[in-house]
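No value in this document is a laboratory result; all are computed from the given coordinates. Remember, predicted model here, so these are calculated numbers, not experimental data. Methodologically, a virtual Cβ is constructed for each residue, glycine included, from the backbone with ideal geometry; neighbour enumeration extends over all protein chains shown.
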Amino acid sequence: MRRDPMTPGRAHVPAAQVSSAGVVIVGGGFAGLYAARELGRAGVPVTLVDRRNFHLFQPLLYQVATGGLSPGDISAPLRAVVRRHRRTRVLQGEAVDVLPDARRIVLRDGELVYDRLIVATGVRHHYFGNDDWERYAPGLKTIEDALEMRRRLLSAFEQAEKETDGGRRAALLTFVVVGGGPTGVELAGALAELARQTLRRDFRRIDPRATRILLLEGADRVLPPYPASLSRRAHRSLDHIGVTVRLGAMVTRIGADEVVVRDGSGEETIRAATILWAAGVQGSPLGEILARRAGAELDGAGRVRVTPQLTLPGRPEIYVVGDLAVVVGADGKPVPGVAPAAVQQGRYVARRILGRVRGEAPFRYRDKGNLAVIGRNAAVYDRGRVRLWGFPAWFLWVFLHIWYLIEFDNKILVMVQWAFDYCTRKRGARLITNEPDEAREGAE
């Protein structure tokens, strides 16, 4: 007797032996998780596959990197999030191939047959053809990235405290952030507050307030997607907290303890022990697989161009959502790769599968605006004619980020932690918990 393809396998069956699944969702980020929750509430059989066993609130990763929050504060176990949906199961696994004609997705340890496939695997770092830079300038997409950044930041202060050579000490207290978009601005701002407020009385031989923080941006202003007036306000806020912004600065080389920058006046080598990357992203490897296997068209960053219904052209059973998808909104511009857009796409796809979307009605992005925080009481918010800055924008940023956290206990933890930090200017998660690769190799 053949199994109904919409009936999930038993929970104890390993992934390598699973023969079929109704809706398969690859990726437990905002888009994938919200699609799974919507379908789960309706009783549709869903298999959610992710390399990790948790959902990560990426917009707050920089807070982990700078010691403001712990990883558990911005993460939620996937099984806990969907535990009430009895026909939803979670598999920890990595998708390595897609066979569209057979409606199969190949995992590293097995296969799944799908009736509908939702791909929501997001993006990764993009070094514009200079992948060797990654070892010297980590990006910020995973918990491991954030912990590595935190290790480098805090270790630089620790090493500077015992360094006797003035030049080397100056390099240890020089921090370079590459990229003046929201992630770069938030990183630079948080780093400035860490050095000039949180750590200012923690050391005896060095003064963390003398830390040099450089934010390098190739465009003519920070936050290029924002209106020029808000970019100027963000720039002034960065100046106020001690971040040196260099515009029109193109990075030509990154090495151990140095970065080479070219601008209108020529090239300059900046000695810095800590270099952080916030300059670009590219689609996950599954985008390239869809291009090869299903004829998907990719943009210059490796993201998948989809129809207005968020499907692959000619493959209505395959949806691509979240940061990996390129879809044009009603205003003729690509939908931004932000959390609210991913949430809306996940819900839209679920409603389509459930038959709650009429005919070929396209996905319509309801713009909630763009927010970027610079530091304490300083942020900018843009939503068309509505523009906020300073404390009102910062307060809105706090409220929305707590609102979008998945689990209730995370909301409470982050709210309490932020309230405490606001009053005391402390960052309680300043732990160096992972050793560099060379230290581990030496110990072995």
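Numbers for the structure displayed
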item: Helix-derived mean residue ellipticity, 222 nm - over the chain, DSSP H n ≥ 4, -39500 (n - 2.57), to 500; result: -9500 deg cm²/dmol
item: Distribution of pairwise C-alpha distances over the stretch 131-279, 10 Å bins, in %; result: 12, 42, 37, 9, 0
item: Cβ-based net charge around T424, under 14 Å, with every Lys or Arg adding one and every Asp or Glu removing one; result: +4
item: Acute angle (nearest 10 degrees) that the helix 182-193 long axis makes with the longest principal axis of the chain, alpha-carbon atoms; result: 40
item: Net charge over other residues, Cβ less than 12 angstrom from the Cβ of T252 (K, R count +1; D, E count -1); result: -2
item: Extension gain from W403 to R86, taking 0.36 nm per residue of separation minus the Cα-Cα distance; result: 111.5 nm
item: Neighbourhood charge, 11 Å Cβ-Cβ cut-off, centred on V338 and excluding it, Lys, Arg +1 and Asp, Glu -1; result: -1
item: Calculated FRET efficiency for the pair E94/K162, C-beta based, R₀ 56 Å, to 0.05; result: 0.85
item: Relative packing of 183-196, 163-176, which averages over residues the other C-beta atoms within 10 Å, highest first; result: 183-196, 163-176
item: Lysine pairs in the chain with Cα atoms under 27 Å, if 8 or more residues apart or on separate chains; result: 8
item: Label-reachable residues, the stretch 236-274, where backbone N falls under 13 Å from a point 7 Å from D132's Cα toward its Cβ; result: 253-256
item: Extension gain from E360 to V328, taking 0.36 nm per residue of separation minus the Cα-Cα distance; result: 10.0 nm
item: Cα-based helix-to-principal-axis angle, 143-162 vs the chain, degrees rounded to 10; result: 10
item: Helix 339-353 axis, angle to the chain major axis (alpha carbon atoms, nearest 10°); result: 0
item: Inter-label distance, nm, simple model (7 Å from Cα along the C-beta direction), Y422/A102; result: 5.5
